[in-house]
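Working notes, beginning with the structure itself.
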Amino acid sequence: MKVIHQDDLYFFNQGKLYDAYRIFGAHLLKNDEFKVVGTRFTVWAPHAKEVNVMGEFNDFQAWVHNLEKVDEKGIWSITIPGANVWNMYKYEIKTFDGRTLYKSDPYAFFSSERPDTLSKVYDLSGYLWNDDDFMNQRNQILPYESQVSIYELHLGSWMIKPDGTFHKYNELVDLLIPYLLENGFNFLELMPITEHPLDQSWGYQGTGYYSATSRYGVPQDLMYLVDQCHQHGIGVILDWVPGHICKDAHGLYMFDGEPLYEYSEEWKRENIVWGTANLDLGRGEVQSFLISNALFWMKFFHVDGFRIDAVSNLIYYLGDSSKGTNQGAISFLQNLSRQVFKEFGNALLIAEDSTAYPKVTHPVHEGGLGFNYKWNMGWMNDTLEYFEKDPIYRKYHHDNITFGLTYAFSENYVLPLSHDEVVHGKHSLVDKMPGDYWQKFANYRALMGLFFTHPGKTLLFMGGEFAQMHEWKDYTELDWNLLSYPMHLSAQRFVRDMNLVVKANKALYELDHQYNGFQWIDANNRDDSIFSFVRFAKDSSDFVIVVLNLTPKVHHNFELGVPEAGTYLELINSDNEVYGGSNQFNGEPIQSFQAEKNGFENAVQILLSPLSITILKRGE
């Protein structure tokens with residue numbers, strides 16, 4: 001019985017079989033009338049003595065169906081007449097040292113719902129997509145020159161049903177999409193949705209890479225969610241974890257009794273901090289498994305890209321540069337990039353990377369890793385550390401804000417205010433802020449203003465948009481009741497309006513990754529903790545001016561240099577009463593005057609509100 005061609009076998013071993021799911025896993029067999037007549041099961045287990053499959057089709061009696069070893073590389077296969085859609089199954093793997101292992105299918109398209117750990121025979125075909133307009137537009141628009149405002153979401157805790165159960169993928173459509181549109185987000189990033197055994201792992205310790213978790217419905221339900229997002233102009237990014245795996249007995253860990261998907265060397269394999277095992281990304285079969293997986297999600301689920309978890313743990317063994325660069329992982333990332341961009345030109349491939357490794361977002365042919373975006377962890381750490389300081393001490397930490405601009409254009413950055421910053425005792429965004437209740441919200445709005453106007457695309461974790469007071473709780477829904485309180489409702493309005501200001505002004509996104517898109521007006525006013533800068537569009541006559549006053553002191557008739565003479569209008573001021581502020585803002589047009597100021601030949605006088613951000617634009 002030949003189920004794999006010699007060429008496929010060669011490419012699989014070389015890490016270049018980019019549709020490995022076509023061969024491995026459970027595949028339905030249909031007759032000329034498209035009626036299912038059986039299922040073919042194929043699995044890679046080179047160290048196994050014997051492989052059997054147990055399932056509903058044989059009353060879970062593994063001895064009934066013995067897989068045949070079809071090549072010397074350890075590929076086993078069997079065709080079982082009558083095995084049909086929805087049938088649950090597992091592999092029974094017997095080792096040469098007498099052990100018997102029961103494993104889920106690494107390539108299964110669906111899985112039983114926790115706490116069960118069975119795979120399911122499943123048919124992914126049949127969904128009729130209606131997102132052609134979005135997909136065609138995606139292929140034509142460069143993300144670098146577009147607004148990218150990402151809403152990071154954990155499906156199990158965004159909103160929960162009254163009975164305490166999860167919403168299904170398709171049930172969220174009528175709740176989530178209007179919310180994203182109303183608040184101005186144009187990308188949705190889903191925390192890992194591959195199958196995983198423990199809710200509290202948030203999906204980062206996976207067992208079923210090809211299986212959309214059954215917690216939230218069936219795969220076609222997820223297709224519908226993505227389709228509807230696309231029809232409403234919202235891109236969908238998956239949080240993807242190619243670096244490490246769950247060590248539960250039914251998963252990939254020691255799949256055939258010996259290290260297979262993971263490193264054989266214990267020091268490389270055992271990720272003690274996370275309680276996981278690191279995948280051997282230099283092994284060809286593992287590269288085929290993972291690169292095929294990424295392309296699988298893009299092909300079958302139309303996802304628009306990936307945020308790749310823990311890239312520092314890939315670049316360096318265990319994330320420790322002293323242990324050396326992991327050349328196998330570097331090769332994997334470069335191969336992944338080549339294939340993703342070959343097949344899906346304007347995809348988003350985003351690295352969550354805290355290292356200073358060079359050229360992360362440079363093309364592979366230029367010696368880069370091949371990502372087109374990287375999380376700016378340095379900006380996030382420095383900025384939050386600054387905002388956590390009492391304003392009286394901020395002048396001593398002025399460089400926390402300015403330093404990021406020394407490297408802001410060395411890579412293509414996403415500014416992340418992610419789930420990692422609002423858990424484990426770190427406090428929520430608004431609760432990090434110093435001062436009394438009013439000052440916390442004023443500081444929060446100033447932080448959000450800097451977040452949206454700083455060079456780089458933006459990512460905000462759910463709840464951050466309405467200043468959730470408590471840390472994120474993965475076991476219950478967001479504190480939606482807070483929107484009955486004026487300050488939280490006003491905070492949400494400010495985030496929405498900032499998204500709209502960015503959308504309406506090319507200067508705030510078109511040159512996010514280029515030096516000529518940014519110019520300081522004054523980066524050195526540390527005594528007053530005031531920062532001012534200009535953001536330019538490709539048409540340099542199109543610009544906005546951003547001023548942050550990060551102390552409670554009000555500055556009347558504050559003089560500020562401007563690039564050109566004219567009448568300036570205030571686009572937004574975070575101190576406006578509609579945002580919960582003290583209502584000190586520049587309501588009238590502001591006429592420039594000729595004066596040498598901040599290296600410019602013209603200047604304006606404005607009111608600088610307390611703990612605020614002000615954005616100005618020259619009138620037509």
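None of the figures in this text is laboratory data; all of them are computed from the coordinates on show. Owing to the predicted nature of the structure, the values given are computational and were not obtained by experimental measurement. Backbone-built Cβ (ideal geometry, glycine too); neighbour counts: all protein chains shown.
If you average 1/r over every pair of different alpha-carbon atoms in the range 6-120 and take one over that average, what Kirkwood value in Å do you get?
On the way: mean 1/r = 0.0680 Å⁻¹.
When all Cα pairs of the range 6-120 are included, the Kirkwood radius is 14.7 Å.
Helix 437-453 versus the longest principal axis of the chain: what is the Cα-based angle in degrees, 0 to 90, to the nearest 10?
Helix 437-453 and the main axis of the chain meet at about 70 degrees.
Would you mind pulling out the separation of the Cα centroids of the range 55-107 and the range 380-427, in Å?
The range 55-107 and the range 380-427 have Cα centres spaced 51 Å from each other.
Suppose each label sits 7 Å from its Cα in the direction of the beta carbon; what would the Asp19-Phe60 distance come out to in nanometres?
It is 3.6 nm.
Taking the Cα centre of the range 169-239 as the origin, how large is its charge dipole in debye, to the nearest 20, when only Lys and Arg (+1) and Asp and Glu (-1) carry charge on their Cβ atoms?
On the way: 1 positive and 9 negative charges, 23 e Å.
About 120 debye.
Let me spell out the model: positive unit charges on the Cβ of Lys and Arg, negative unit charges on the Cβ of Asp and Glu, origin at the Cα centre of the chain. What dipole size does that give, in debye rounded to 20? Write out the running numbers ahead of the final one.
On the way: 50 positive and 80 negative charges, 120 e Å.
That gives a dipole near 580 debye.
Where in the range 210-238 does the amide nitrogen come within less than 15 Å of the point 7 Å from the Cα of Arg114, taken along Cα to Cβ?
Label zone hits: 212-217.
Which of Val546, Ala356, Phe461 sits closest to the plus end of the dipole of the chain, meaning its Cα is farthest towards the positive end, when Lys and Arg get +1 and Asp and Glu get -1 on the C-beta?
My answer, from the dipole projection, is Ala356.
Which angle between 0 and 90 degrees, to the nearest 10, do you get for helix 377-387 versus the longest principal axis of the chain when only C-alpha atoms count?
In the chain, helix 377-387 runs at an angle near 40 degrees to the longest axis.
Under 18 Å from the 7 Å Cα→Cβ point of Val273, by amide nitrogen: which residues of the range 381-414?
381-382, by backbone N distance to the label point.
Per the Debye formula with a single identical scatterer at each Cα and no solvent contribution, what log10 I(q)/I(0) holds for the range 219-338 at q = 0.12, 0.19 Å⁻¹?
Ignoring solvent entirely, the Cα scatterers give -0.50, -1.03.
Please identify every one of the GluC sites (Glu not before Pro) in the range 338-447 that sits in a loop by DSSP and has no more than 12 other beta carbons within 10 Å of its own beta carbon. Numbers along the way, then the final one.
Values: sites: Glu343, Glu352, Glu366, Glu385, Glu388, Glu411, Glu421; in loops: Glu352, Glu388, Glu411.
Hits after loop and neighbour filter: nothing returned.
What residues have an amide H closer than 5 Å to that of Asp542, excluding those fewer than 5 places away on the same chain, when H is modeled at 1.01 Å from N in the peptide plane?
Long-range HN contacts for Asp542: Ala537.
So what J values fall out for the range 461-469 if you push phi through Karplus, 6.51 cos²θ - 1.76 cosθ + 1.60 with θ = phi - 60°, rounded to Hz, Gly and Pro as x?
6, 3, x, x, 6, 10, 6, 4, 7
For Lys94, which lysines qualify as cross-link partners when the Cα separation must be under 21 Å and same-chain residues fewer than eight apart are set aside?
Correct list for Lys94: Lys49, Lys69, Lys73, Lys103, Lys247.
Against the longest alpha carbon principal axis of the chain, how many degrees, from 0 to 90 and to the nearest 10, is the axis of helix 284-301 turned?
70 degrees
With each pseudo-label sitting 7 Å past Cα toward Cβ, what's the Lys35-Arg338 distance in nm, one decimal?
According to this spin-label approximation, the distance is 4.7 nm.
Once Lys and Arg get +1 and Asp and Glu get -1 on their Cβ, which of Gly517, Leu175, Gln584 lies farthest toward the positive end of the dipole of the chain?
Gly517
Place a +1 charge on the Cβ of each Lys and Arg in the range 6-120 and a -1 charge on the Cβ of each Asp and Glu, then give the dipole magnitude about the Cα centre in debye, rounded to the nearest 20. Walk me through the intermediate numbers first.
Working: 14 positive and 16 negative charges, 41 e Å.
Result for the range 6-120 is approximately 200 debye, rounded to the nearest 20.
Which value results for Rg/Rh of the chain when Rg is the Cα radius of gyration and Rh the Kirkwood radius based on the inverse mean 1/r?
Numbers: Rg = 26.7 Å, Rh = 26.1 Å.
Taking Rh as the inverse mean 1/r over Cα pairs, Rg/Rh reads 1.02.
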